[in-house]
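Undergrad: The structure that follows is given in the form of structure tokens.
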Amino acid sequence: MTQPTRLPPLMSTGYPPDTAETHMPTAETPNAANNEILLESGTNELEVLIFGLGEQSYGVNVAKVREVILPVAISASPGQPADVMGMFNLRGAVLPLVDLHTYFKIDPVNKESSDDHRIIVTEFNGAQAAFKVERVEHIHRMSWKAVRSVPEETGSDHMSVTGITELNGKLVLMLDFESIFDHIAMQNTLHVTHVDNELGVDRESINVFIAEDSKFIRNIMQNVLTQSGYTQVNLFSNGQDCWDAIQAGARGERKLPDILITDIEMPQMDGLHLTRKTRATPGLEAMPVLLFSSLITEDTRHKGEACGANAQIAKPELPKLVHIVDSWIQKLELGDLSKAA
């Protein structure tokens, strides 16, 4: 098996000399120390791994990427989905390999050779998966303000494109690898339809704001909450729209949220920045904020805490999300906002 070439640490400014010959991407960050400060403080920054399929460029948040490797030997398994090429072993872990060409029905630029193809190894929702792409170009640091939301009417059938940005005159489509993998694997954990009201709280009286860039995940969250008895569910496809609505509520132009549930990576404004700005809004200092993201791990939890989040849940734990919201409602009913954590 070909030995994998690891991506550098998130804040690295380049690859070690001994990996240069593999033509892996290099980061476009001139000051690694400053970059780390920006990312750690929730100032709406991200690093994007740019890769290609056919003539189109795509992007994925580097925070979800473990490494980029050269093509490897794979083994087919009976009954595997058409988009899955097979399985391979990576340091003791058996990973499914998804062919994004097949998934999106895109022909490679060079159909005769796959020598330049790369495999992006990802980790999200507590699991690893791999995706075959045509080429890996570079890593680019940018602000979430530079990423535009995808218009609802132009979303793909699988709702896997969550944002659009432009780099060097080219459009780059931000992909939601979670929805791609879930669409293929049909994970039951993301298809909960109802959560019992074990605490007997008044779910109908609570105004919930949800900021989530993935239409796929937004629909699932809305279905679970409404079918569980939450009648006031307000959806926003990015952090900026949610923040605008919160400001409108602060001005008395609409009802303020009782509880905010937000993803972390989103166009225009990420969830950490949204949490920080909400916490700084007079009258909302004690409003419960829950981060619901595939990026949450024990190693990254401190970022949400620093921005003022009351709780953080790694996708796809939908029942746990509802139970936490119920516990907050119980505290709100008792008038004890200080313990909503």
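Undergrad: State the number of residues belonging to the range 248-268 that are over 18 Å from L332 (Cβ atoms), in a helix (DSSP H, G or I) and free of Cβ contacts under 8 Å to residues at least 24 places away in the same chain.
TA: Summing the residues that are over 18 Å from L332 (Cβ atoms), in a helix (DSSP H, G or I) and free of Cβ contacts under 8 Å to residues at least 24 places away in the same chain in the range 248-268 gives 1.
Undergrad: Just name the residue that is farthest from L321 (Cα to Cα) out of those in the range 251-265 that are more than 16 Å from the chain's Cα centre (by Cα) and surrounded by 15 or more Cβ atoms within 10 Å (Cβ to Cβ).
TA: Among them, the one singled out is L256.
Undergrad: Here is a list: N207, N223. Which entry is of a type outside the set (G, A, S), within 22 Å of I180 (Cα to Cα) and more than 17 Å from the chain's Cα centre (by Cα)?
TA: After applying the criteria, what remains is N223.
Undergrad: Go through I139, I74 for me and flag whichever is touching a Pro at 6+ places or on another chain (Cβ under 7 Å) and not aromatic (F, W, Y).
TA: Checking each option against the conditions leaves just I139.
Residue by residue, here is whether (1) within 26 Å of T262 (Cα to Cα); (2) part of a strand (DSSP E or B); (3) not hydrophobic (A, V, I, L, M, F, W, C) holds:
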| residue | (1), (2), (3) |
| --- | --- |
| S77 | no, no, yes |
| P81 | no, no, yes |
| M87 | no, yes, no |
| I106 | no, no, no |
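Undergrad: Six or more apart or on different chains, Cβ under 7 Å: which pairs go from a residue in the range 295-308 that's touching a residue at least 60 places away in the same chain (Cβ under 8 Å) and assigned by TED's automatic domain parsing to the domain that holds M269 to one that's of a type in the set (V, I, T) and surrounded by 14 or more Cβ atoms within 10 Å (Cβ to Cβ)? Could you list them?
TA: Hits for this filter: L295/I264; C307/T275.
Undergrad: With respect to V208, determine if the residue is at pLDDT below 95, crowded, with 17+ Cβ neighbours inside 10 Å and of a type in the set (A, V, I, L, M, F, W, C).
TA: no
Undergrad: Can you name the residue in the range 269-285 that is in contact (Cβ under 8 Å) with a residue 12 or more places away in the chain and over 30 Å from M174 (Cα atoms) and is also surrounded by the most Cβ atoms within 10 Å (Cβ to Cβ) among such residues?
TA: Restricting to residues being in contact (Cβ under 8 Å) with a residue 12 or more places away in the chain and over 30 Å from M174 (Cα atoms), the top hit is L284.
Undergrad: Just for the range 180-197: of the residues that are at pLDDT 80 or above and under 20 Å from D83 (Cβ atoms), which one is surrounded by the most Cβ atoms within 10 Å (Cβ to Cβ)?
TA: F181
Undergrad: Take the range 286-306 and flag every residue that is in a helix (DSSP H, G or I) and crowded, with 22+ Cβ neighbours inside 10 Å.
TA: Across the range 286-306, the qualifying residue is only G304.
Undergrad: Looking at this structure, is N238 touching a Pro at 6+ places or on another chain (Cβ under 7 Å) and under 23 Å from K215 (Cβ atoms)?
TA: Yes.
Undergrad: Among what's in the range 108-152 and is modelled with pLDDT under 90, closer than 23 Å to S75 by Cα and of a type in the set (D, E, K, R), pick the residue that is surrounded by the most Cβ atoms within 10 Å (Cβ to Cβ).
TA: By that ranking, first place goes to E123.
Undergrad: Then there is this: It is to be established whether one or more residues within the range 229-246 are under 20 Å from L272 (Cβ atoms) and free of Cβ contacts under 8 Å to residues at least 12 places away in the same chain.
TA: Looking through the range 229-246, at least one residue is under 20 Å from L272 (Cβ atoms) and free of Cβ contacts under 8 Å to residues at least 12 places away in the same chain.
Undergrad: Could you grab me the full set of residues in the range 89-104 that are in a strand (DSSP E or B) and either under 22 Å from E178 (Cβ atoms) or among the charged types (D, E, K, R) (or both)?
TA: L90, A93, V94, L95, P96, L97, V98, D99
The values are calculated or read from the model by the stated rules, or taken from the named source; none is laboratory data. Computed from a prediction, not measured in an experiment: that's the story for all the values here. Neighbour counts run over all protein chains shown; Cβ positions are idealised from the backbone, glycine included.
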